[in-house]
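The values are calculated or read from the model by the stated rules, or taken from the named source; none is laboratory data. Owing to the predicted nature of the structure, the values given are computational and were not obtained by experimental measurement. Don't worry about glycine lacking a Cβ; one is built from the backbone with ideal geometry, like all the others, and counts go over all protein chains shown.
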Amino acid sequence: TENNQRLSVFLKSGIYRFQGSNTVFVDPVRVLNLSYTHFRVSPSSYYSRFFQPNHSARVSENQRKRKRKENKTRPLNEREQAADERHRRVKPLLVEAHDCLLGANDLLLILETLRIDDCKTIDLKCDEHSFVELGSVWQAPLFEISLHLNQDDGLSQGCISVQNSEERNIRAFGSLVANDTSNDMEADFLNCKYIIPKQSSFYMSDLKQIHGLIPVKNECGFNLIVIDPPWENGSANQKMKYPTLPNRYFLSLPVKRLAHTEGALVALWVTNKEKLRIFVEEELFPKWGVKYMATHYWLKVKADGSLIGELDLCHHRPYECLVLGYCYGKDEESEYFSKPKSIPDCQVFISIPGDYSRKPPIGEMLREYIPSSEPARCLELFARELLGGWTSWGNEPLHFQDSRYFSMK
Ligand code: SAM
């Protein structure tokens, strides 16, 4: 039946498209694992929250407290009213998307199993590094990362070639480190192991050095640029996870110079704060040379399919927004220059969230809107992980590549 087919596509691709709807359900672990040949992102390390049975009880107690607080407080100011208006407009859509999920019994049964690991986990020997701190010390330019091909690689092909045991040392900060092979690589950095997926590269630096990432040749620019900036949001919890920056710093991101001559689809994660939405529409996109096209929504659910929080809770919405726009290329001959594809507004993707503020991989969902005549060149800015076929930039792009997040295939 059609349902069975959708499920089997989901089990392979991690993406479930609801029929006749603008909604998809995503299992980030399955999507990420398409990048790996020898390792697997371990589901239990990805889904560290929203599976524990007592989680729901704890959360709803917190929500009740917040709601009481919100009810008691002053009436909404002008900006909050505008944000409320935006929310009112998208709410029916989000409810409809959520109903799609609740109506898909076969998929709901699978949700509970997404966290189950059936693979060997990797022994952990070292404490997690803070790349943000390491990158800021004076010795940073001296640190090297050593890349080596997975040793099984030769074995699986029935021979061990000398080349496969080759090791390469490269500066870890401020240089482009690439795995151009079609297999995962292991990398050693200060006594810890990192997994580098096939066809991926990263550039680890502070925003001040992002210019090192600008391609020398225009045709080496990027067709898809996903950006998840460290917006300030006042939450103490977040400040402990990573440093944030005031909005004006993002005006200097060289988006146009990173874009391919044929142009780029730009996907920017934003919070629900009205001040930020206005900044993006009126200042940031114009400064980057990006034309606004559409907004998509990420709806967050728990393993039982219920929302992680109430839709109407003003400061803790169970969804986030992805603002999409086109950055036109310099190649006026390109077919994409004159007629960029239109992007439908208000698509919804649903997933169970990973670690704090880790975003689901969205490349596949955006593929059809990417302006490119060849395989798309994809870039993630402020990344904390690597993906096959992508370049990742940020001050800690290896964060989730630590071998502790992986098991052997
Ligand atoms: N999209 C990521 C994910 O799903 O895991 C989360 C990105 S998080 C919102 C923002 C990232 O920007 C953090 O890794 C943070 O360390 C990094 N960052 C903060 N200040 C930076 C700076 N000055 N230069 C480069 N990266 C910075």
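Descriptive notes on the structure:
- For region 7-17, the set of residues classified as on the phi < 0 side of the Ramachandran plot and surrounded by 20 or more Cβ atoms within 10 Å (Cβ to Cβ) consists of F10, Y16, listed by residue number.
- Hits in region 173-222 - residues which are closer than 23 Å to H38 by Cβ, more than 20 Å from the chain's Cα centre (by Cα) and among the basic types (K, R): K193
- Any chance K275 is farther than 14 Å from E380 by Cα and not in a helix (DSSP H, G or I): no
- Region 226-242, subset of a type in the set (D, E, K, R) and modelled with pLDDT of 70 or more, residue nearest to the ligand (Cβ to nearest atom): D228
- Region 243-286, residues that are of a type in the set (S, T, Y) and either within 15 Å of the ligand (Cβ to nearest atom) or modelled with pLDDT of 90 or more (or both): T244, Y249, S252, T271
- Candidate set from region 279-316 (those that are in a helix (DSSP H, G or I) and of a type in the set (A, V, I, L, M)); member that is nearest to L253 (Cα to Cα): L284
- The single condition among (1) within 13 Å of the chain's Cα centre (by Cα); (2) more than 14 Å from the ligand (Cβ to nearest atom) that K359 does not satisfy is (2).
- Of the residues making up region 260-277, those that are among the polar types (S, T, N, Q) and over 21 Å from S342 (Cα atoms) are T271, N272.
- Of all the residues in region 261-275, those that are out of contact with any helix residue (DSSP H, G or I) (no Cβ under 7 Å at 6 or more places or on another chain) and surrounded by 19 or more Cβ atoms within 10 Å (Cβ to Cβ) number 1.
- Each residue in region 388-407 was checked for being under 20 Å from P243 (Cα atoms), away from the ligand (no atom under 11 Å from the Cβ) and under 12 Å from the mean Cα position of the chain (by Cα), and 0 of them qualify.
- Matching option when the condition is away from the ligand (no atom under 16 Å from the Cβ), in contact with a strand residue (DSSP E or B) (Cβ under 7 Å, 6 or more places away or on another chain), at pLDDT 85 or above and closer than 22 Å to P215 by Cα, among A376, A383: A376
- When residues of region 178-221 are limited to those that are closer than 18 Å to L387 by Cβ, within 16 Å of the ligand (Cβ to nearest atom) and modelled with pLDDT of 95 or more, the one surrounded by the fewest Cβ atoms within 10 Å (Cβ to Cβ): Y203
- Only one entry of F51, F18 meets the criterion of being under 23 Å from A97 (Cβ atoms) and modelled with pLDDT under 85, and that entry is F51.
- Residues of region 15-41 satisfying the condition of being free of Cβ contacts under 8 Å to residues at least 40 places away in the same chain and either touching a helix residue (DSSP H, G or I) at 6+ places or on another chain (Cβ under 9 Å) or part of a loop (DSSP other than H, G, I, E, B) (or both): R17, Q19, G20, R30
- Flag if N169 is of a type outside the set (D, E, K, R) and crowded, with 18+ Cβ neighbours inside 10 Å: no
- Residues of region 276-290 satisfying the condition of being farther than 20 Å from R257 by Cβ and touching a helix residue (DSSP H, G or I) at 6+ places or on another chain (Cβ under 9 Å): L276, R277, I278, F279
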